[in-house]
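Novice: The structure follows.
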């Protein structure tokens, strides 16, 4: 499924922070992880990823460092900062509230899925 | 892509293929960042493509295919460069930001000065019509004794927010479910206001007066009643937010909508409790009161009120249908007579349609504040006023300091080519007229498809878009609101049909095989399916249970299927809209 760009805007930073909570990752790895862990629903184009990472870095939510990896290739790894961790916790709480609210709005919430009472 | 092969020196891709090198160079060059920043971005993008090439070729793609995949997957290089620049700039040292901020502030000051010069040049608005008074005309035509708002205002100030009520109202539980105790506590603590809500529901109109100091006083009183005394004091000190240059219709506040919706929820929960305890009549009366309150909102002048009313009607009618389904084998003649006489079913001739008059008044009010008036009904667009309206509608809290200048420049460029007042109004009413023609068509008429992008199509082209930018900004696409209201009307028809088939069962011992088989007089309203123009579908399921449904937005009869599908515009919907048994998957 192709998700509209506007919808993705608010979701992708949260997805990236969530992935970085597990371990430090480099850009290409984030692209593939986001896609595979969201069953392909979230597709992070490279033209979106790096601006997003730079924004998160500017806000102090992630920090980066160049490391030499296997095959002597240099990779720039991003990891979550303490501030990023706090933001992640806050955003996850808001996300859950949003999902609940949207479920209520779109599906009629509890009313849509419940069987009715009997006399 | 034969040019890529020679560039490959080893499977670690230390030297990237030419197309990717060019892509990286193009992006980096376009960012116009500082040299050090550019080097960092370049190294990272090269590293990115290197990893991609290794992985894709290991997965079995040829080098050319891998290069193509990476290049295609990168997206728009210009956009990427722009966004990378923005991101990197945000990460620059504070001292640099300070210097730039100072410079921008200076330039903004100059820009503002230029703006004032522009206002002096283009003139000032001279509004002559009180459109708020016009919007209020129907309100004032209602005698004060027939208005619900004075009662509801006091109800709102006396409603209590109990612990856990937010969860209860968001989940709207049924008896026995997890949040039912919180729901009952909320109902119990507010039982003292229920008689007043019922009294207000019996009034003929809401009677909420738009704008003015009443709303401000109400907001202060409401804040105090909820214990927010500091906020109330602050509001009192600030006074009503009166910007003499802002179109007053834009400043109208509708603080009662959320509270009215809460009252609806409260009454529905009360109805569920009554029904659970065997009091069908009391439960029905509570739901009927929700119907009446909702109809007061549906009669409002603003589209948002009408849509909130529609949402309240939906929840009331859903519970009405559920309740009637549960008692379908036990309902008495007296109970059914009571149902048929209730407000929800006693106005069969009333057809629900969106009232769009308020939207027109709103636009005309904006026009008189955004254009000059040369005394002949014509005038020029005033840039600062256009900017004010744009800002009111689309304030961007994340805007950067430099955005103000860009906005000002955009406004000035629009003002330079925008159509004059007379031409703008003529174009608006031309579009409005076409929109009304299309909205009058039934939902199954294929010509309605034009509605989905009527405004965009009509204002297509950069120059036309700029000439009528105000229309593009303020003329909403009304097809969704219209469809929503038509679906609401159909729900009302479904309720009439249900009462008809129940009466048939009560008096003849069995359900009809279809609605058209009902004896004359059993249907107080033609149960037309808005998606087909024919009667709603009614049949008996194999176990003998009645099923009533509309063929739904896909306009295909799926036999009453509630399977989820994606409807037009990507909106989730069900194959058919099932009213009976209870409607699922809204």
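The values are calculated or read from the model by the stated rules, or taken from the named source; none is laboratory data. This structure is a prediction, so every number in the text was calculated from the model and none was measured. Cβ placement follows ideal geometry from the backbone for every residue including glycine, while neighbour counts extend to all protein chains displayed.
Novice: Are any of the residues in the range B:92-107 under 43 Å from the mean Cα position of the chain (by Cα), closer than 22 Å to residue A:44 by Cα and either within 14 Å of chain A (Cβ to nearest Cβ) or at pLDDT 85 or above (or both)?
Specialist: No, the range B:92-107 has no match at all.
Novice: Yes or no: the range B:254-264 includes at least one residue that is crowded, with 23+ Cβ neighbours inside 10 Å and away from every other protein chain (no Cβ under 14 Å).
Specialist: Within the range B:254-264, the first condition is being crowded, with 23+ Cβ neighbours inside 10 Å, and the residues that meet it are B:260, B:263-264.
Filter again for away from every other protein chain (no Cβ under 14 Å), leaving B:260, B:263.
For the range B:254-264, residues crowded, with 23+ Cβ neighbours inside 10 Å and away from every other protein chain (no Cβ under 14 Å): present.
Novice: Quick one: would you say residue B:308 is within 14 Å of chain A (Cβ to nearest Cβ) and at pLDDT 95 or above?
Specialist: no
Novice: Okay, moving on. For residue B:558, indicate whether it is surrounded by 15 or more Cβ atoms within 10 Å (Cβ to Cβ) and farther than 23 Å from residue B:344 by Cα.
Specialist: Details: surrounded by 15 or more Cβ atoms within 10 Å (Cβ to Cβ): yes; farther than 23 Å from residue B:344 by Cα: yes.
Against the criterion (surrounded by 15 or more Cβ atoms within 10 Å (Cβ to Cβ) and farther than 23 Å from residue B:344 by Cα), residue B:558 qualifies.
Novice: Hey, another quick one. Exactly one of (1) facing chain A (nearest Cβ under 10 Å); (2) modelled with pLDDT of 85 or more; (3) surrounded by fewer than 16 Cβ atoms within 10 Å (Cβ to Cβ) is unmet by residue B:52. Its number?
Specialist: Among (1) facing chain A (nearest Cβ under 10 Å); (2) modelled with pLDDT of 85 or more; (3) surrounded by fewer than 16 Cβ atoms within 10 Å (Cβ to Cβ), the lone unmet condition for residue B:52 is (3).
Novice: List the helices (runs of 4 or more DSSP H) that sit entirely inside the range B:150-243 and contain at least 3 residues that are closer than 21 Å to residue B:312 by Cα and in contact (Cβ under 8 Å) with a residue 12 or more places away in the chain. Quick ask: steps written out before the conclusion?
Specialist: Numbers: elements: B:165-171, B:180-189, B:194-201, B:213-225, B:229-238.
By residue number, B:165-171, B:180-189, B:194-201.
Novice: Before we move on, is residue B:351 surrounded by fewer than 22 Cβ atoms within 10 Å (Cβ to Cβ) and at pLDDT below 85? Reasoning before the result, please.
Specialist: Numbers: surrounded by fewer than 22 Cβ atoms within 10 Å (Cβ to Cβ): yes; at pLDDT below 85: yes.
The answer is yes for residue B:351.
Novice: Can I ask one more? Spot the failing condition for residue B:483; the list is (1) farther than 19 Å from residue B:324 by Cβ; (2) surrounded by fewer than 19 Cβ atoms within 10 Å (Cβ to Cβ), and only one is missed.
Specialist: Of (1) farther than 19 Å from residue B:324 by Cβ; (2) surrounded by fewer than 19 Cβ atoms within 10 Å (Cβ to Cβ), only one is false for residue B:483: (2).
Okay, residues lined up against (1) at pLDDT below 85; (2) assigned to a strand (DSSP E or B); (3) crowded, with 17+ Cβ neighbours inside 10 Å:
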residue	(1), (2), (3)
A:15	no, no, yes
A:47	yes, no, yes
A:52	no, no, yes
A:64	no, yes, yes
A:78	no, yes, yes
A:86	no, no, no
A:93	yes, no, no
A:104	yes, no, yes
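Novice: Given the options B:380, B:388, B:410, name the one that is more than 30 Å from residue B:305 (Cβ to Cβ) and at pLDDT below 85. Steps first, please.
Specialist: On the way: B:380 fails: at pLDDT below 85; B:388 fails: more than 30 Å from residue B:305 (Cβ to Cβ).
The match here is B:410.
Novice: Quick one: which of B:472, B:567 is under 30 Å from residue B:362 (Cα atoms), at pLDDT below 90 and surrounded by fewer than 19 Cβ atoms within 10 Å (Cβ to Cβ)?
Specialist: Working: B:567 fails: under 30 Å from residue B:362 (Cα atoms).
When all the criteria are applied, what remains is B:472.
Quick grid of which residues meet (1) at pLDDT 95 or above; (2) on the phi > 0 side of the Ramachandran plot; (3) in a loop (DSSP other than H, G, I, E, B):
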site	(1), (2), (3)
B:482	no, no, no
B:485	no, no, no
B:499	yes, no, no
B:510	no, no, yes
B:520	no, no, yes
B:544	no, yes, yes
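Novice: Could you tell me which of the residues A:61, A:92, A:88 is within 12 Å of chain B (Cβ to nearest Cβ) and within 17 Å of the chain's Cα centre (by Cα)? Even if it seems obvious, please write down each step before you answer.
Specialist: On the way: A:92 fails: within 12 Å of chain B (Cβ to nearest Cβ); A:88 fails: within 12 Å of chain B (Cβ to nearest Cβ).
Selected residue: A:61, the only one of A:61, A:92, A:88 that is within 12 Å of chain B (Cβ to nearest Cβ) and within 17 Å of the chain's Cα centre (by Cα).
Novice: Which residues, counting only those in the range A:33-45, are within 21 Å of residue B:80 (Cβ to Cβ) and part of a helix (DSSP H, G or I)? Spell out the reasoning first.
Specialist: Residues of the range A:33-45 within 21 Å of residue B:80 (Cβ to Cβ): A:33-35, A:42-45.
Matches in the range A:33-45: A:33, A:34, A:35.
Novice: Sticking with this structure for a sec: Determine, yes or no, whether residue A:98 is farther than 18 Å from residue B:87 by Cα, within 14 Å of another protein chain (Cβ to nearest Cβ) and either part of a helix (DSSP H, G or I) or at pLDDT below 90 (or both). So that I can check it myself, show each step before the final result.
Specialist: Working: farther than 18 Å from residue B:87 by Cα: yes; within 14 Å of another protein chain (Cβ to nearest Cβ): yes; either part of a helix (DSSP H, G or I) or at pLDDT below 90 (or both): yes.
Yes; evaluated as a whole, the condition is true for this residue.
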